[in-house]
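What follows is a set of notes on a single structure, which appears directly below.
Read-outs throughout are calculated quantities, based only on the coordinates presented, and are distinct from any laboratory measurement. Just so you know, these numbers come straight off a predicted model, no measurement behind them.
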Amino acid sequence: MKKENSNKIVLEVKSLKKYFPIEKGFWKKITGYIKAVDNLNFYIRDMLDGP
């Protein structure tokens, strides 16, 4: 008998943001940010057959 994959979501991320500060001068004053990721959504489903 063939097993059906459940395709259950095992990880879901909504509105992920990652910014890096721009630092200037000797005292490392933050003058702005570089947006590496802004408002990223994704999910990972379980695709493996278990025992």
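Couplings 3J(HN,Hα) of the range 12-20, computed from phi: 9, 10, 10, 6, 6, 10, 9, 10, 10 Hz, in residue order, whole Hz [Karplus 6.51 cos²θ - 1.76 cosθ + 1.60, θ = phi - 60°; x for Gly and Pro]. Treat the range 7-51 as a sphere of radius equal to its Kirkwood radius over Cα pairs and apply Stokes-Einstein at 25 °C in a medium of 0.890 mPa s; give the translational diffusion coefficient in µm²/s, rounded to a whole number. Answer, rounded: 182 µm²/s.
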